[in-house]
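The values are calculated or read from the model by the stated rules, or taken from the named source; none is laboratory data. Nothing here was measured: the structure is a model prediction, and the numbers come from that model. Using ideal geometry, Cβ is built from the backbone for each residue, glycine included, and neighbour counts are taken over all protein chains shown. Just the protein is used for accessible areas: all its heavy atoms, side chains included, with ligands, DNA and RNA removed. Shrake-Rupley method; radii C 1.70, N 1.55, O 1.52, S 1.80 Å.
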Amino acid sequence: MRQPLLADRGFYLGPLFRRAADRHGAVFVTLDRPLDVAPALGTDLSYTVLAEVVEELSGRLWEAGVRPSEQVVVHKADNVDIMLLTCAVSRIGAVPVLLSPALAPEVAGQLLGRLRQPWLITDAATLDGLKDIALAGLVRRTLSVDDAPSAEPLAKYTGAEPPPPVRLHPREPALITHSSGTTGVPKLAVHCARTMWNRLVPQQAMGLPTRGETAALHMSFVHSRFYHLLGVLLHFGSPLVLITDPDPASVGPLLVRHRPGIVETHPNTFVLWEELAGAPGAPLSRVRSYGSTFDAIHPRTVRRLLDASRRRTPWLVQLYGQSETGPVAFQVVTRRSAARADGRRVGFGIPGFTRVRVTDAEGRRVAPGTPGRIEARTRGRILTYLGMPDRYDRQLTDGWWEMGDLGYRDRLGALYLIDREIDRIDAVHSNLEIEDTLMSRLEELREVVIVPGADREPVPVVCVRGERPLDPERWRRATAGLPAMAEPRQWRFEELPMTATWKVKRVEIARILTGGAPV
């Protein structure tokens, strides 16, 4: 029997919750804060309730005038209703465009300018931040989930009859997200249902061992990975705990209450959640599978997370990829393998879906163990960069996508990540490797980032847990045997420029340290 989620070899967001409710019933969904679009519903919801919210929102949008293939920007304060609005837009055949609430207003304005007179769904606070942007010339109409004075309230259309679902062709644009923007203004990535399906299928296979387990997620609701994971979990009927505030003080009791078997968040959030390993009530004691997406995760953090579980064989699934490709390599880390794991190893290509190679500057494959540029061939690659097709084409060579990373493969074909090409420092073999070493040697570190200084010397920027200063003697001992570096610069973690997924913007840090000089 055909799986309904995979109908027509396309992954469609509009019917996700309705199909899950029809298949599994009123499985619980717990939030850590009420929905902005329906605060009266509280925080203890279900598949069925969320399916009704999606359909009701799609009725409001249709009544407001949104039609198939039109672009609808969702740019509002972080909350689960970003996901529900995305599904509602998709349900009526329009194209959701997801802009992170963490974007600077001027950057959001530039991205709006690449679209074709989109609708904008926002809120009063976000709209106030955009007050210096000439929205009238950029968007068709603005709808607000609250009482923003200069927008039309979405609540005006409450009670409108939901139209029948609309399904676009699998190769038509179905979702637009943006890249992380770690090196400048983000690019708009255009997804279609077919490429999203090709990302979903292997992730669904990875989810089989934990099907039905309660899943706790703290992820960016504007990242494509969130929707693929959501598709997997809804397909298998997993109860959901959706988290917007990562503070361990609030997350801990929530996890104690629900005892999740699956936990996924961004690598930097996992570093923060190391505090949960010994928290009251053992909130991570029932975790069977951790998920870490696309970014490198420190070995110290992996060991602490796995040791916090009381399950016999917990594991962490690490996915390596980017917004443009989806996951292109993966590996599973267990307690046993974590003890000797190389933090730079990111695993193997996904059989039948992705292939990975390492090449030299002329595009020729290099021998095992030889560093070079990482390239991937994947069925899940986006259609294009909206408004920047030439930039997209420059990263393609005979179907191989340049990842922008340096790495190597061993004789068995496992991929090892060295650094981003743009972050390369000649005096250091691997910034990421040094950072892993320092995190393992200094338990008090919340983060450490190696960036180039004014003379391209490696400069460590460190964040210590709490407000205490870095101990110079401990730092001296921890850096013994490592390449020579400048004196460490201590910052508060909150001061680090980061993306919506808490990915550190290294280029921006380097520019700040060098007074704005090119790096």
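Counting only Cβ charges, +1 for Lys and Arg and -1 for Asp and Glu, the dipole size of the stretch 1-148 around its Cα centre is about 740 debye. About its Cα centre, the chain has a charge dipole of approximately 1960 debye under the convention of +1 per Lys or Arg Cβ and -1 per Asp or Glu Cβ, with nothing else charged.
Given H placed 1.01 Å from N in the peptide plane, which residues other than close sequence neighbours of Trp315 have an amide H under 5 Å from its amide H? Distant-sequence amide H within range of Trp315: Ser289, Tyr290. Between the stretch 285-360 and the stretch 77-137, how many Å separate their Cα centres? What the calculation gives is 32 Å, centre to centre. Working from Cα pairs under 8 Å separated by at least six residues, relative contact order for the chain is 11 percent.
Restricting to DSSP loop positions (anything but H, G, I, E, B) with no more than 10 other Cβ atoms inside 10 Å of their own Cβ, which GluC sites (Glu not before Pro) remain in the stretch 467-519? The partial results should precede the final answer.
Values: sites: Glu467, Glu473, Glu494, Glu495, Glu508; in loops: Glu467.
Passing sites in the stretch 467-519 are Glu467.
Subtracting the Cα-Cα distance of Ile512 and Glu457 from their residue separation scaled by 0.36 nm leaves 18.3 nm. Shape summary: the chain maps onto an equivalent ellipsoid whose semi-axes, from the alpha-carbon gyration tensor, are 36, 26, 24 Å in decreasing order. For the stretch 335-373, the residues whose amide N sits under 15 Å from a probe point set 7 Å from the Cα of Thr397 along the beta carbon direction are 356-367, 371-373.
Proximity of backbone amide H atoms, modeled 1.01 Å from N, is registered between Gln490 and Val462 at under 5 Å, excluding neighbours fewer than 5 places apart on the same chain. By the gyration tensor of its Cα atoms, with a ≥ b ≥ c the square roots of the eigenvalues, what is the shape of the stretch 182-227: rounded for a/c under 1.5, prolate for a/b over b/c, or oblate? Oblate. Using modelled backbone amide H atoms (1.01 Å from N, in-plane), which distant-in-sequence or interchain residues come within less than 5 Å of Val73's amide H? Hits under the 5 Å cutoff: Val97, Trp119, Leu120, Ile121.
Can you compute the FRET efficiency between Arg441 and Arg311 using 1/(1 + (r/R0)^6), with r the Cβ-Cβ distance and R0 = 25 Å? Round to the nearest 0.05.
Step by step, r from the Cβ atoms, then E = 0.30.
Charge dipole (Cα centre; +1 on Lys/Arg Cβ, -1 on Asp/Glu Cβ; no other charges) of the stretch 237-380 amounts to roughly 780 debye. Solvent-accessible area of the chain (1.4 angstrom probe, protein heavy atoms only): carbon and sulfur portion equals 50 percent. Residues within the reach of a label modelled at Ala249 (point 7 angstrom out along Cα to beta-carbon, backbone nitrogen below 14 Å), restricted to the stretch 443-466, are 466. Classify the stretch 118-206 as rounded, prolate or oblate from the Cα gyration tensor: take a ≥ b ≥ c as the square roots of its eigenvalues, call it rounded if a/c is under 1.5, otherwise prolate when a/b beats b/c and oblate if not. Oblate is the answer for the stretch 118-206, as a/c is 1.5 or above yet b/c matches or exceeds a/b. Karplus-based coupling profile of the stretch 358-370, in residue order and whole Hz: 10, 10, 8, 5, 8, x, 8, 4, 9, 6, x, x, 8, with θ = phi - 60° in 6.51 cos²θ - 1.76 cosθ + 1.60 and x standing for Gly or Pro.
DSSP assigns beta bridges within the chain; of those with both partners inside it, close to 60 percent run antiparallel. The GluC sites (Glu not before Pro) found in the stretch 358-415 that occupy coil by DSSP, while having at most 11 further C-beta atoms within 10 Å, are Glu362.
Annotation: per residue accessible area for the stretch 364-499 equals 50 Å², rounded to a whole number [probe 1.4 Å, protein chains only]. Centroid-to-centroid, using Cα positions, the stretch 366-441 and the stretch 220-256 are 28 Å apart.
Computed 3J(HN,Hα) for the stretch 373-378, one whole-Hz value per residue from the Karplus formula 6.51 cos²θ - 1.76 cosθ + 1.60 where θ = phi - 60°, is 7, 8, 10, 9, 10, 8, glycine and proline marked x.
What relative contact order, as a whole-number percentage, does the stretch 101-158 give when Cα pairs under 8 Å and 6 or more residues apart are counted?
With pairs under 8 Å counted, the relative contact order is 33 percent.
What's the FRET efficiency of Ser337 with His169 using the Cβ-Cβ distance as r and R₀ = 51 Å, to the nearest 0.05? Once the sixth-power term is evaluated, E becomes 0.75.
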